[in-house]
Amino acid sequence: MAPFFAGVDTTMTVFVIDPIRDPRWPAFLERHPKASMFHTPGWLNTLRLSYGYEPVALTTSPPRSELNNGVALCYVNSWLTGRRLVSLPFSDHCDPLIDTDADAECLADDLRYRLRKEHCDYVELRPTAPGFDARFNFGTAATFFLHRTDLRRPLDYLYRTFHASCIRGKIRRALREGLAYQVGNSEDKLNSFYKLLLLTARRHHSPPHTMTWLRNLIKFCRPNVQVGLALKDRYPIAGILTVRYKQKIVYKYGCSDPNFHKLGGTVFLLWKAIQEAKTSGIMRFDWGRSDPDHSGLVTFKDHWGAQRSTMTYLRYPPEACNRTVAADWKIQLAKHTFARMPNSFLIAAARLFCRHAG
């Protein structure tokens with residue numbers, strides 16, 4: 001794509017690249033310490049083909065030169081939630097991969113310029129740590145907790161950090177119950193997982209992801225996407241989906257049959273995932289984001305001895321931070337409707353809803 005000049009800084013040009021097709025992007029991600037699976041071409045391709053989002057990356061590195069920085073974004077165009085640039089939809093976090101103040105200022109200025117040029121309502125960034133601060137006039141859109149576990153410690157040490165009854169006790173219960181374990185990314189495992197995901201989505205009054213999304217995730221991120229299943233007498237009672245990138249693994253989705261909660265299926269699967277990650281040389285287990293209002297989920301992750309940090313989503317212009325409240329009634333109405341739908345209608349409605357909710 002042709003470069004365009006942005007804004008105030010007369011010493012730098014910002015270039016727009018396609019992070020799916022540009023061969024420099026994967027090599028840049030391998031080098032950058034803040035790169036995550038959410039930056040990868042596989043994740044971006046899944047967003048594009050599942051929900052029609054258009055991925056781009058902004059950089060000050062000229063064509064045919066090595067990439068030194070980059071901000072990955074997607075256009076989301078929705079009658080429900082507005083036209084916006086998001087870094088990135090359905091991603092727990094997506095750090096701007098920028099190492100110098102000069103590059104940060106130039107790219108922040110470019111984002112403001114692009115907002116006006118593309119007639120977007122706002123730009124949203126999802127960094128794990130402060131960076132685009134008040135100097136760039138971004139406002140706080142939302143605050144989440146992010147949990148991570150350092151897997152470089154011995155496995156027996158990690159086990160001792162787990163809550164005695166809520167985690168270690170459930171692991172022992174699952175083993176006594178003789179729960180079977182399966183892992184892989186085959187279609188039959190995905191089908192079993194999706195049935196459990198529908199049960200969980202209905203229970204939480206939240207829209208499930210589409211099967212298209214999950215199939216694309218496996219297709220473009222294989223072999224690093226794994227579905228784990230816990231079975232009782234050959235019946236799937238719990239499932240998790242994890243994604244690996246470099247020496248990190250992300251627990252992305254979990255689901256279960258409420259009739260078997262006492263058997264500890266989800267805890268059993270997470271312990272298996274931690275053991276396998278540790279054995280394969282993974283250094284960090286990322287538990288994903290949690291809304292502070294969801295105290296049960298936050299406490300569950302705390303019980304694993306995971307380190308909790310605060311993560312702030314940012315928006316420009318700052319006044320756009322209040323727009324979520326205005327759309328909440330539509331989203332809440334949709335969620336309560338989902339809870340009452342039969343599966344066939346729930347799946348069809350999710351196809352329509354998910355592309356608005358990134």
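Of note:
- Residue check for R202: touching a residue at least 60 places away in the same chain (Cβ under 8 Å) and in contact with a strand residue (DSSP E or B) (Cβ under 6 Å, 6 or more places away or on another chain): no
Residues checked against (1) within 24 Å of F138 (Cα to Cα); (2) among the basic types (K, R); (3) more than 18 Å from the chain's Cα centre (by Cα); (4) not in a loop (DSSP other than H, G, I, E, B):
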{"position": "R21", "(1), (2), (3), (4)": "no, yes, yes, no"}
{"position": "P26", "(1), (2), (3), (4)": "no, no, yes, yes"}
{"position": "W43", "(1), (2), (3), (4)": "no, no, no, yes"}
{"position": "T46", "(1), (2), (3), (4)": "no, no, no, yes"}
{"position": "P55", "(1), (2), (3), (4)": "yes, no, no, yes"}
{"position": "N68", "(1), (2), (3), (4)": "yes, no, yes, no"}
{"position": "L73", "(1), (2), (3), (4)": "yes, no, no, yes"}
{"position": "N77", "(1), (2), (3), (4)": "yes, no, yes, yes"}
{"position": "R83", "(1), (2), (3), (4)": "yes, yes, yes, yes"}
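- Scanning the range 250-281 for residues that are part of a helix (DSSP H, G or I), hydrophobic (A, V, I, L, M, F, W, C) and either more than 17 Å from G178 (Cβ to Cβ) or outside the structural domain of R173 (by TED's automatic domain parsing) (or both) turns up L270, A273, I274, A277.
- Residue within the range 126-136 that is of a type in the set (D, E) and either surrounded by fewer than 17 Cβ atoms within 10 Å (Cβ to Cβ) or assigned to a strand (DSSP E or B) (or both) present: yes
- Residue within the range 219-229 that is in the same structural domain as G184 (by TED's automatic domain parsing), aromatic (F, W, Y) and touching a strand residue (DSSP E or B) at 6+ places or on another chain (Cβ under 6 Å) present: no
- Condition check for R48: of a type in the set (D, E, K, R) and either at pLDDT below 90 or surrounded by 15 or more Cβ atoms within 10 Å (Cβ to Cβ) (or both): yes
- Selection of first residues in the range 160-178 that are charged (D, E, K, R) and of second residues that are crowded, with 17+ Cβ neighbours inside 10 Å and assigned to a helix (DSSP H, G or I), restricted to Cβ pairs under 8 Å at least 6 apart or on distinct chains, gives the following pairs, ordered by first then second residue: K170/V267; K170/F268; R173/L263; E177/L263.
- Strands (runs of 3 or more DSSP E) fully within the range 148-246 counting 1 or more residues that are at positive phi: 180-184
- Filtered by the rule that a residue be farther than 13 Å from G254 by Cβ and small (G, A, S), the range 265-288 gives A277, S280, G281.
- For the range 93-107, taking the residues that are closer than 30 Å to H147 by Cα, among the hydrophobic types (A, V, I, L, M, F, W, C) and in contact (Cβ under 8 Å) with a residue 40 or more places away in the chain, the one that is surrounded by the most Cβ atoms within 10 Å (Cβ to Cβ) is identified as C94.
- Some residue of the range 156-166 being in the same structural domain as F268 (by TED's automatic domain parsing), of a type in the set (K, R) and closer than 26 Å to K252 by Cβ: no
The values are calculated or read from the model by the stated rules, or taken from the named source; none is laboratory data. Keep in mind the model is a prediction, meaning the values are calculated, not measured. Quick reminder, even Gly has a Cβ in these numbers, built from the backbone with ideal geometry, and neighbours come from all protein chains shown.
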